[in-house]
Amino acid sequence: MDNNIQEAETQEAETQETTNKEETFGEKMLKWREAASLTRKELARKLNVSLTAVKNWETGHSTPKLTKYSEIAKVLGIDVREMGLDANLDLNKIGDRIKYARLLRGMSIEAFSYEFGFAIQTVKSWESHTAEVSDPSLGRISRALDIPSSFFDMGTDPYEELSKLS
């Protein structure tokens, strides 16, 4: 009888551990793809990536380039914020807000710089917190990325400001 109690406690502990385990990015990708009723091949075609790339994302062998997140979210019909794009960003820093806004638009530093006339090194220095960003530059960034200028006001909740986009 003690064996049955011990076995039940072990099973309960394993169930609790599984419940507490946070899903990996790959597990989430798989669920999102399946919820969108897409095969790996269809998703790869829509994203213009290899089938191997999609498989590697779902198995955790790699993750997409940050600039691919917004495209993936659009194809899968999810909010890009669900993907954890901001997981390693401190949105209490202006440089990280700039980076987040740029990534939400699916732009690399190079593409952003070229398209909107910023020097690549300037954008890099903003995003690495080694240079101050002037108010006129923030206004230009806001207009270029079609992000509310209030998103760059450090006294606001960035997520609340982005919710105004919908």
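The values are calculated or read from the model by the stated rules, or taken from the named source; none is laboratory data. Since this is a predicted model, take the numbers as computed values, not measurements. Don't worry about glycine lacking a Cβ; one is built from the backbone with ideal geometry, like all the others, and counts go over all protein chains shown.
Counting just the residues of the stretch 15-46 that are part of a helix (DSSP H, G or I) and at pLDDT below 90, which one comes out surrounded by the most Cβ atoms within 10 Å (Cβ to Cβ)?
Checking each candidate, the answer is F25.
Between R105, R140, which is surrounded by fewer than 19 Cβ atoms within 10 Å (Cβ to Cβ), modelled with pLDDT under 90, not assigned by TED's automatic domain parsing to the domain that holds E27 and not hydrophobic (A, V, I, L, M, F, W, C)?
Details: R140 fails: modelled with pLDDT under 90.
Exactly one residue qualifies, and that residue is R105.
(1) in a helix (DSSP H, G or I); (2) in contact (Cβ under 8 Å) with a residue 24 or more places away in the chain; (3) under 14 Å from A144 (Cβ atoms): which one isn't true of S70, the others all being true?
Exception for S70: condition (3).
So is F152 within 18 Å of T67 (Cα to Cα), touching a residue at least 12 places away in the same chain (Cβ under 8 Å) and either assigned by TED's automatic domain parsing to the domain that holds S70 or in contact with a Lys or Arg (Cβ under 8 Å, 6 or more places away or on another chain) (or both) or not?
no
Go through the stretch 54-67 and count every residue that is among the polar types (S, T, N, Q) and assigned to a loop (DSSP other than H, G, I, E, B).
2
Quick one: L138 ticks every box in (1) hydrophobic (A, V, I, L, M, F, W, C); (2) closer than 18 Å to F152 by Cβ; (3) out of contact with any helix residue (DSSP H, G or I) (no Cβ under 6 Å at 6 or more places or on another chain) bar one, so which box is it?
(3)
On the basis of being within 23 Å of K31 (Cβ to Cβ), surrounded by 13 or more Cβ atoms within 10 Å (Cβ to Cβ) and under 16 Å from the mean Cα position of the chain (by Cα), does K99 make the cut?
no
Count, please, the residues in the stretch 73-124 that happen to be closer than 21 Å to W32 by Cβ and either in contact (Cβ under 8 Å) with a residue 40 or more places away in the chain or among the acidic types (D, E) (or both).
12
For F112, indicate whether it is under 21 Å from the mean Cα position of the chain (by Cα), surrounded by 13 or more Cβ atoms within 10 Å (Cβ to Cβ) and aromatic (F, W, Y).
It is true that F112 is under 21 Å from the mean Cα position of the chain (by Cα), surrounded by 13 or more Cβ atoms within 10 Å (Cβ to Cβ) and aromatic (F, W, Y).
Go through (1) surrounded by 18 or more Cβ atoms within 10 Å (Cβ to Cβ); (2) farther than 30 Å from E42 by Cβ; (3) in contact with a Lys or Arg (Cβ under 9 Å, 6 or more places away or on another chain) for L91 and report which single condition fails.
With (1) surrounded by 18 or more Cβ atoms within 10 Å (Cβ to Cβ); (2) farther than 30 Å from E42 by Cβ; (3) in contact with a Lys or Arg (Cβ under 9 Å, 6 or more places away or on another chain) applied to L91, the lone miss is (1).
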